[in-house]
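Chemist: The structure that follows is given in the form of structure tokens.
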Amino acid sequence: SSGINAEWPLRPGVFSMSVVESDYLKRWIGAPITDALTEVALKRPADPIEYIALWLLKYKENEVVKAAEASNAERLSIEKKKLDEEAKKKAELEEEQRRIAAENAAKKAEIEKALAEQAKQTEAAAV
């Protein structure tokens, strides 16, 4: 048995609910229903049932939009982290490239100096 009287819609006032069902309702619709009822009490619309129905539809639309925005923000954050990591790797590679170029330039200068020294010695020996 679900705990809800099957005749409930036909017999107002006859309703029994289990703790599990009560917890379910509190969890999923407690806050929105409370907010909707508060607004109805404050605004006193001509058709409170229609007002609550439309209010709940708008609430659901807003929740869907919030969820989509949260999902987009999370994806954006992940993409930003990836871009930051790629930028860091690029900077590290550029730094390594500069270091290697400087080492190669130093080795080239050293080799050219040694060759020039050897050429002088060869000239001196030939004279």
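Chemist: Modelled label-to-label distance, I49 and K90, 7 Å Cα→beta-carbon offset: nm?
Modeler: Calculated label separation equals 6.2 nm.
Chemist: Please state the charge dipole magnitude for region 44-85, taken about the Cα centre, from unit charges on C-beta atoms (+1 on K and R, -1 on D and E), reported in debye and rounded to the nearest 20.
Modeler: 60 debye
Chemist: Helix 19-43 versus the longest principal axis of the chain: what angle, 0 to 90°, nearest 10, using Cα atoms?
Modeler: On a 0 to 90 degree scale, this one is about 80.
Chemist: Can you tell which of A87, A101, A68 shows the greatest fluctuation in a Gaussian network model of the chain with Cα springs below 10 Å?
Modeler: Between A87, A101, A68, it is A101 that shows the largest mean-square fluctuation.
Chemist: Quote the accessible area belonging to L76 in square angstrom, nearest 10, computed with a 1.4 Å probe and with ligands, DNA and RNA left uncounted.
Modeler: Counting only protein heavy atoms, L76 exposes about 120 Å² to solvent.
Chemist: Follow-up question, since we're still on this one. What is the Cα coordinate range of the chain on the first, second and third principal axes, sorted by size from largest, in whole angstrom?
Modeler: 126, 38, 17
Chemist: May I pose another question? What angle, in degrees between 0 and 90 and rounded to the nearest 10, separates the Cα long axis of helix 48-126 from the longest principal axis of the Cα atoms of the chain?
Modeler: Helix 48-126 and the main axis of the chain meet at about 10 degrees.
Chemist: If you take the Cα Rg of region 51-106 and divide it by 2.2 N^0.38 Å, with N the number of residues, what do you get?
Modeler: So the Cα radius of gyration is 2.37 times the expected 2.2 N^0.38 Å.
The values are calculated or read from the model by the stated rules, or taken from the named source; none is laboratory data. Keep in mind it's a predicted model, so treat the numbers as computed, not measured. Here Cβ is always computed from backbone atoms with ideal geometry, including for glycine, and neighbour counts include all displayed protein chains. These area figures cover heavy atoms from the full protein model, side chains too; ligands, DNA and RNA do not enter into them. Shrake-Rupley method; radii C 1.70, N 1.55, O 1.52, S 1.80 Å.
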